[in-house]
Amino acid sequence: MVENQGSIGDGRDDVGAVERLVGAYRGLRDEFGKVIVGQDTVVEELLIALFCRGHCILEGVPGLAKTLLVSTVARTMALSFSRIQFTPDLMPSDITGTEVIEEDRSTGGRAMRFVKGPVFANVVLADEINRTPPKTQSALLEAMQDRQVSAGGRTHVLPDPFFVLATQNPIEQEGTYPLPEAQLDRFMFKVLVDYPSEAEEFEIVKMTTAAGSPVVSEQLSGADILAFQALVRRVPCADHVIRYAMSLARATRVGRGTAPKFAEDYIAWGAGPRASQNLVLAGKARAILGGRFCVSVEDVRGVAAAVLRHRVITNFNAEADGISSDRVIEMLLEEVRVEPADKLDDRLAGRVFAEPERS
C-alpha cells in the first residue's frame, strides 16, 4: 500500500506526490508482470484510464488474457470486483439490480427493498459486452456516465472509485450486437489486445503449464486511487497542447472545413468534444506517470489512437481501400501541425501544479 498520502491534493508537496504516484505505477506494473506476459502498451493504457477516472473497452481475439488482465486490476488494488458475462438473454435488472418485496416477520408488514446488482462494485468486468441486446447494454450508460443507478423512483450511488472494463471479440460477429456510438463514446479508451511475440508466447506457455500460480499483492487502496485521480487533474497543460488536442479531434469532423482531404474521403463521422477532453486528460496522466510535471504534445500523440479509434467511424471508401480507423489516425498525426508554444499562464509560475479549486 502507498502510505503517507497526506499532502496530495493540498498543493504543499506536489513533487513528493508525483514521486509516490510514479512509485505506485511501477509497483503496479511489476505486479501485473507476475501474471501478464508482455502487453506493455495495454497495461499502460489501462492504468492511464484508471488514474483518469475513465472506462475502457478491450478488444482482442479469445485467449489473449483480457479477462485475467481486468481481474488483476482489482487484485492489485483493494477494490471490489464483479464480473458480468453478457449473453443474449441477459436483462437490465441482472446488471443494475431489482426491487423485491420483503416481509417483516415480526409485524407481518411488507416493504420494497432494492437488491443491488453486480454493477455495484469498484471494478466491473463487462465480459463480451457485444453479445447482449442494446436494451441491456444501455443499462450501463447511466452507471458509466453518472455513476449511479435509478430504480423504483430512487437513485442508488455506485461505489467510488468505479470503473467499467469491457471486453469484446472482433472476429465472432454472428449473433452479436455492436455497441451504439453513443455508448462507445462513454469509454475513454478502446484498447487493442494483440497476439504476443514468439518470445512472449514461450514465456506464457512455460508459466501457465507449470505447477502453482503467481500471487499478486495489493499496491493501492481506494483512497490512494481517488487522491491520485485528483492529482492527475491538477497537472498543468499549456494552451498550445490543448489546441493541438482540439485540432486532432476537429480534423476528424468531415463536411466542416476542418478535415484534410483523406479524412473527407474516408471518415463518415468524426470525434466529438469528449475526444478533446480525453486527449488532454489522458495526456496529463501519461505525463505524470512518466515523472513529468506538465503535458507535452508527445503525450497527447501517445494516447491519440486509444482515444480516437472508437470515435472515428470510417465509411465504405475506407473499407474498400482497406483503410482502418487506426490508419486514419496515423495519417492525422502526420498531417496535423503543432502550433508554436505559448508561455504558460502566469498563475502557474513558480509552482508545479495549479491550486485545487475551493468550494
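The values are calculated or read from the model by the stated rules, or taken from the named source; none is laboratory data. Predicted model only: the values in this text are computed from it and were never measured. Here the Cβ positions follow ideal geometry from the backbone for every residue, glycine too, while neighbour counts run over all protein chains shown.
Does P88 count as in contact with an Asp or Glu (Cβ under 9 Å, 6 or more places away or on another chain), in contact (Cβ under 8 Å) with a residue 12 or more places away in the chain and exposed (fewer than 13 other Cβ atoms within 10 Å of the Cβ)?
Values: in contact with an Asp or Glu (Cβ under 9 Å, 6 or more places away or on another chain): no; in contact (Cβ under 8 Å) with a residue 12 or more places away in the chain: yes; exposed (fewer than 13 other Cβ atoms within 10 Å of the Cβ): yes.
It is false that P88 is in contact with an Asp or Glu (Cβ under 9 Å, 6 or more places away or on another chain), in contact (Cβ under 8 Å) with a residue 12 or more places away in the chain and exposed (fewer than 13 other Cβ atoms within 10 Å of the Cβ).
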- Task: Could you give me the residue pairs with C-beta distances under 7 Å whose first residue belongs to region 130-142 and is of a type in the set (D, E, K, R), whose second residue is part of a helix (DSSP H, G or I) wherever it lies, and which are 6+ apart or on separate chains?
- Result: K135/P92
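Just to be sure, is V164 within 23 Å of the chain's Cα centre (by Cα) and at pLDDT 85 or above? Write out each step before concluding.
Working: within 23 Å of the chain's Cα centre (by Cα): yes; at pLDDT 85 or above: yes.
Against the criterion (within 23 Å of the chain's Cα centre (by Cα) and at pLDDT 85 or above), V164 qualifies.
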- Go through region 243-271 and give me each residue that's under 12 Å from I313 (Cα atoms) and without any contact (Cβ under 8 Å) to a residue 24 or more places away in the chain. R253, V254, E264
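Can you name the residue in region 215-251 that is assigned to a loop (DSSP other than H, G, I, E, B) and of a type outside the set (A, V, I, L, M, F, W, C) and, of all such residues, is farthest from L47 (Cα to Cα)? Working first, answer last.
In the first step, residues of region 215-251 are kept if they are assigned to a loop (DSSP other than H, G, I, E, B); the result is 215-219, 221, 234-238, 251.
Next, from what is left, pick out any that are of a type outside the set (A, V, I, L, M, F, W, C): 217-219, 221, 234, 236.
Values: S217: 16, E218: 15, Q219: 13, S221: 14, R234: 18, P236: 20 Å.
Across region 215-251, the extreme among qualifying residues is P236.
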- Task: Take region 167-217 and flag every residue that is under 22 Å from the mean Cα position of the chain (by Cα) and among the acidic types (D, E).
- Result: E181, D185, D194
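Limited to region 178-209, what total is found for residues that are touching an Asp or Glu at 6+ places or on another chain (Cβ under 9 Å) and exposed (fewer than 15 other Cβ atoms within 10 Å of the Cβ)?
Adding up the residues that qualify gives 1.
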- Task: Considering only residues that are in contact with an Asp or Glu (Cβ under 9 Å, 6 or more places away or on another chain) and farther than 26 Å from I101 by Cα, look in region 134-167 and name the one that is surrounded by the most Cβ atoms within 10 Å (Cβ to Cβ).
- Result: A166
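Only one residue in I329, I323 is modelled with pLDDT of 90 or more and in a loop (DSSP other than H, G, I, E, B). Which one?
Being modelled with pLDDT of 90 or more and in a loop (DSSP other than H, G, I, E, B) holds for just one of I329, I323, which is I323.
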- Message: Restricting to region 287-300, name every residue that is closer than 20 Å to T41 by Cα and surrounded by fewer than 24 Cβ atoms within 10 Å (Cβ to Cβ).
- Response: L289, G290, G291, R292, S296, V297, E298
- Query: Any residue at all in region 301-308 that is over 20 Å from R243 (Cβ atoms), modelled with pLDDT of 85 or more and in contact with a Cys (Cβ under 9 Å, 6 or more places away or on another chain)?
  - Reply: yes
- Which of the residues belonging to region 257-282 are more than 19 Å from I323 (Cβ to Cβ) and assigned to a helix (DSSP H, G or I)? P273, R274, A275, S276, Q277, N278, L279, V280, L281, A282
- Message: For the list (1) of a type in the set (V, I, T); (2) farther than 30 Å from A230 by Cβ; (3) crowded, with 16+ Cβ neighbours inside 10 Å, I need the number of the one condition that V100 fails.
- Response: (3)
- Would you tally the residues in region 30-64 being farther than 17 Å from A287 by Cβ and either without any contact (Cβ under 8 Å) to a residue 40 or more places away in the chain or hydroxyl-bearing (S, T, Y) (or both)? 6
- Message: For a quick check of your reading of the model, give me the residue pairs whose first member lies in region 230-242 and is without any contact (Cβ under 8 Å) to a residue 60 or more places away in the chain, whose second is hydroxyl-bearing (S, T, Y), with beta-carbon atoms closer than 7 Å and at least 6 apart or on different chains.
- Response: V241/S296
